[in-house]
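Right, one structure below, let's go through it.
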Amino acid sequence: MSEPSMPKTDSGKFFEDFRVGLEIHHATPRTITLGDVAVYNSLFGSRFAVQSADTFAQKIGYPRSPVDDLLVFHVVFGKTVPDVSLNAVANLGYADCHFLKAVYPGDTLHSVSEVIGLKENSSKKTGIVYVRSRGINQNGDTVLAYVRWVMVRKRKETAAAPQEIVPELPKGVDATLLGRACPIINVAAYDTALAGSTRRFGDYKAGEKIDHIVGITVEEAEHMIATRLYQNTARIHFDHFTESKSRFGKRLIYGGHPISLARALSFNGFGNAFHVAAINGGRHVSPLFAGLTVFAWSEVLAIAELPGRKDVGALRLRTVATKDHPCADFPYKVGDEYDPAVILDLDYWVLIPR
Amino acid sequence: MSEPSMPKTDSGKFFEDFRVGLEIHHATPRTITLGDVAVYNSLFGSRFAVQSADTFAQKIGYPRSPVDDLLVFHVVFGKTVPDVSLNAVANLGYADCHFLKAVYPGDTLHSVSEVIGLKENSSKKTGIVYVRSRGINQNGDTVLAYVRWVMVRKRKETAAAPQEIVPELPKGVDATLLGRACPIINVAAYDTALAGSTRRFGDYKAGEKIDHIVGITVEEAEHMIATRLYQNTARIHFDHFTESKSRFGKRLIYGGHPISLARALSFNGFGNAFHVAAINGGRHVSPLFAGLTVFAWSEVLAIAELPGRKDVGALRLRTVATKDHPCADFPYKVGDEYDPAVILDLDYWVLIPR
Amino acid sequence: MSEPSMPKTDSGKFFEDFRVGLEIHHATPRTITLGDVAVYNSLFGSRFAVQSADTFAQKIGYPRSPVDDLLVFHVVFGKTVPDVSLNAVANLGYADCHFLKAVYPGDTLHSVSEVIGLKENSSKKTGIVYVRSRGINQNGDTVLAYVRWVMVRKRKETAAAPQEIVPELPKGVDATLLGRACPIINVAAYDTALAGSTRRFGDYKAGEKIDHIVGITVEEAEHMIATRLYQNTARIHFDHFTESKSRFGKRLIYGGHPISLARALSFNGFGNAFHVAAINGGRHVSPLFAGLTVFAWSEVLAIAELPGRKDVGALRLRTVATKDHPCADFPYKVGDEYDPAVILDLDYWVLIPR
């Protein structure tokens, strides 16, 4: 039997389908609505006041509550999946992620990626693809830009390898570049009682560690609802029938899910750190599955003033998320090896009123 | 003890309560909001650009993104349940279903049904009720009309049977009647890259089959959230205590759930088929339960131009959904019998740009 | 190792941290959106027409559909948790709860509590804290006020007990105080067919009991999504890892969850009782866990006209919710003891057209 259907079905790009310089305009554009924000909130329970209450946001200088930064990230990321990582073996890392413009309910985002690096693996079965992806709003403004690299299967082991190009990536986003997505805020109008924390920029110092205490168990319905909200179609998250026969024997939770959980948990300790300004790097140390409980702790890696701004400062945080392991003992690495409970190691900048 | 309460509780209509010509104005009217759309999207993950992005919809001539056609169907259908099918044994079929006017967030719908046929079964324990139901918006316009027939219990076996009237129903919706819910679109402004597929009307031909590849597992929480979103109150979907003692031993998933899943999956193959214009007929071949994974494939049954329209054409599709059975082999019937994996056999028209 | 982080993490108030007269402005303010309403509806499936359709609400005199009263209650309540009940052993009761002003999508609520009573328990390990909490909108209007009392742990058994003050609480809200959150409605425009019930104020009498018939099973994902929607952070609802080692061995469902389920179920019997005007008292008789099915029945305790109002009257209801026990036999108490199936005993006033 002929298969007339095959060319009409998208089975994703393989390693040999990429070339450096290729620009991909991803489907599907999405208007982010108050409804999307509500679904997101109901899944993660974030409590940062700026994103929760229009009145709070307006008092300090926003036109209204902006959309949660990580919801923006997930939506922009989700669009890249069908073109970049449908045949990925592993999502290897993120770098140089900048939030560049606030997103508000009603804004429409689409994503564009440029291939900036390619490296075949020695097995010749897979290769690493580096892409710089951008989220773009209805006015053509870039709201978010980041690099990620993924290990992608080759369609044929014998396919010729492209010229190896490995991009040089910054170890972190320079603090002088932070804050473009955050308007100058009226700090005097920022009500710390309503925000739920009295701690401001000056109350943190590099090296301190904070346990976020509370744990949240993840259910299959929750992570699938979240991942569909972002229109992320990676089948590994949705198809129990197929995954039950896989290496893990079950559906794998989208790596962005524990990022959002950890961010929501970090409210207890960083209640005024209302804006994620940049992500320096992130590693999904081990997979998360439904039924497990996510805990998190953070270390302040650095503090930085922003050039020309007296309203907010930046904290560079490492937030570590674990599964089924409360974080009072700040689990991280034993020698060079991660503690087996660790699932996420995220290095990012947040802004907080001075 | 007397039971003063019984008349105040609605226990639904039985077969002998219906008569041909009876018109039922169903409760409860519903304003469909951006919030409802977001919940729906998060449950099915649809990616058709027209419904996803206001900017995309506006470029081609819509005032904004319309509400997903099947969400409209489920809301209109849900309202009919307390009056038509609370005592139904089985939902036997749909026919002559027309989407007649686009629905936008903020529109308020209510439903009206007319009984158009009655036929007692030979057992005298049940009968078949045929109703034509319509969804009506706040301006009195009919947005959707369809016929369905259900097998309904009699309250008393000895109750007199009504005169048998079986309506003549079309085998399908004539293509000349399609498209009233779709404005004339500006095809030149339809961006196939953003939409996620380059295939247009002319790229499909009758007889071709497309496997939609991906599977989605359904959780109890998901189908109950969806079905409550439509205010569909059929207890068989919600009450594990009672259903655990039933024939199936568990809650039955609303038949509309796999329809929406299959429609979302069909994006992979029909990414530009943005509008469901009509449903010719549908059969719930076997029940779906939580924990099972839904796959789907489609066959193009026919293609049709629409009289006087150069912007869009129509594809008549059969979409078959299965449980725990990937569809690379296009499972359907063996002789006259459905493959045991098949749960849904849906025959419908979609519109797609030319 | 020093623990520099401890002061930055909120571990909640203990009994000895409260004093009578203390006023607490709770974090986090919240703009209630159409999205929140949609998520709430999809979790409880309420069908009261006033809250479901803007057109229905407008015809009888509302500017648009108000937010469901219990969603308002849960949001206001949720904000008090981090300050009042993070170290609570038990939520003992509610009283004197008045809905004072309608809330509409777009309104922003915050909560304020005043400590009105303190009583150390004889064990000296815990004490009872009485608070009067208020929900306040963006204009400074109180939309909801209620008293609750909770048993809270002491940090140290040896801490000095405060002077014992036990507030005198009304046994119920006086009917003359009802209705401030409900505009004068145009009863002639109230369409009982669309509302789904023909029964009005005059059709009920004190003493009658109504079984709401249908049961709804609760899933873990559902109650966690609901409770996060309210930004209620009580960890006992979310953390399976910790709770699996607790007395119950599992997560405990927020007591407000069965209240909302019972209210939605009560539509079948009280379909026109569109507004919860006050809660006289409530008792969480026993805990609810995922996998159990909630049923409910109600008794009309009293009927009351409202002074100066010809449009609506009030029904005082006792609604009893059970787990895994259909309510045709109206289970309540056996002697002084509650039937073991009972989980909720709620005494409240609803308004219904005359």
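Within the range C:11-23, none of the residues are basic (Lys, Arg), more than 7 Å from every other protein chain (Cβ to nearest Cβ), within 24 Å of C:Gln138 (Cα to Cα) and surrounded by fewer than 21 Cβ atoms within 10 Å (Cβ to Cβ).
Conditions first: (1) part of a helix (DSSP H, G or I); (2) facing another protein chain (nearest Cβ under 7 Å); (3) under 22 Å from B:Tyr348 (Cβ atoms). B:Thr55 passes all but one, so which condition is the exception? Only one criterion is unmet by B:Thr55, namely (3).
Taking A:Lys154, is it among the charged types (D, E, K, R) and open to solvent by 50 Å² or more (accessible area, probe 1.4 Å)? Against the criterion (among the charged types (D, E, K, R) and open to solvent by 50 Å² or more (accessible area, probe 1.4 Å)), A:Lys154 does not qualify.
So, C:Ile185, is that one of a type in the set (Val, Ile, Thr), open to solvent by less than 50 Å² (accessible area, probe 1.4 Å) and more than 24 Å from C:Tyr230 (Cβ to Cβ) or not? So C:Ile185 passes the test.
Residues in the range A:305-340 that are under 21 Å from A:Glu208 (Cα atoms), open to solvent by less than 20 Å² (accessible area, probe 1.4 Å) and either part of a loop (DSSP other than H, G, I, E, B) or in contact with a helix residue (DSSP H, G or I) (Cβ under 6 Å, 6 or more places away or on another chain) (or both): A:Leu306, A:Gly313, A:Ala314, A:Thr319, A:Ala321, A:Cys327, A:Pro331.
When each of B:Ala95, B:Ala90 is tested for being over 23 Å from B:Ala27 (Cβ atoms), under 16 Å from the mean Cα position of the chain (by Cα) and crowded, with 21+ Cβ neighbours inside 10 Å, the lone residue that passes is B:Ala95. Quickly run through the range B:76-102 and pick out the residues that are within 14 Å of another protein chain (Cβ to nearest Cβ) and modelled with pLDDT of 95 or more. Once the filter is applied, which keeps residues that are within 14 Å of another protein chain (Cβ to nearest Cβ) and modelled with pLDDT of 95 or more, the range B:76-102 yields B:Val76, B:Gly78, B:Lys79, B:Thr80.
Among the residues making up the range C:134-157, those that are under 22 Å from C:Cys182 (Cα atoms), free of Cβ contacts under 8 Å to residues at least 60 places away in the same chain and not acidic (Asp, Glu) are C:Arg134, C:Ile136, C:Asn137, C:Gln138, C:Asn139, C:Gly140, C:Thr142, C:Ala145, C:Val147.
At least 3 residues being small (Gly, Ala, Ser) and either open to solvent by less than 40 Å² (accessible area, probe 1.4 Å) or touching a residue at least 24 places away in the same chain (Cβ under 8 Å) (or both) is the threshold, and among the helices (runs of 4 or more DSSP H) wholly inside the range B:191-304 those reaching it are B:256-265. Just one of the listed residues (B:Val312, B:Val334) is over 15 Å from the mean Cα position of the chain (by Cα), more than 28 Å from A:Ala234 (Cα to Cα), among the aliphatic types (A, V, I, L, M) and at pLDDT below 95, and it is B:Val334. Restricting to the range B:172-190, give me the number of residues that are in contact with a helix residue (DSSP H, G or I) (Cβ under 9 Å, 6 or more places away or on another chain) and either under 30 Å from A:Glu219 (Cβ atoms) or assigned to a loop (DSSP other than H, G, I, E, B) (or both). Final tally of qualifying residues: 5. Does the range A:63-70 include one or more residues that are of a type in the set (Ser, Thr, Tyr) and either away from chain C (no Cβ under 14 Å) or surrounded by fewer than 22 Cβ atoms within 10 Å (Cβ to Cβ) (or both)? No, the range A:63-70 has no match at all. The residues of the range B:91-126 that are over 20 Å from B:Arg228 (Cα atoms) and of a type in the set (Gly, Ala, Ser), listed by number, are B:Gly93, B:Ala95, B:Ala102, B:Ser113, B:Gly117, B:Ser122, B:Ser123. Determine whether the range A:104-112 contains at least one residue that is in contact (Cβ under 8 Å) with a residue 24 or more places away in the chain, on the phi > 0 side of the Ramachandran plot and open to solvent by 20 Å² or more (accessible area, probe 1.4 Å). So far as the range A:104-112 goes, yes, one or more of its residues are in contact (Cβ under 8 Å) with a residue 24 or more places away in the chain, on the phi > 0 side of the Ramachandran plot and open to solvent by 20 Å² or more (accessible area, probe 1.4 Å).
The values are calculated or read from the model by the stated rules, or taken from the named source; none is laboratory data. Nothing here was measured: the structure is a model prediction, and the numbers come from that model. So basically every Cβ, Gly included, is an ideal-geometry build from the backbone, and we count neighbours across all protein chains shown. Accessible surface areas use protein heavy atoms only, side chains included; no ligands, DNA or RNA. Shrake-Rupley method; radii C 1.70, N 1.55, O 1.52, S 1.80 Å.
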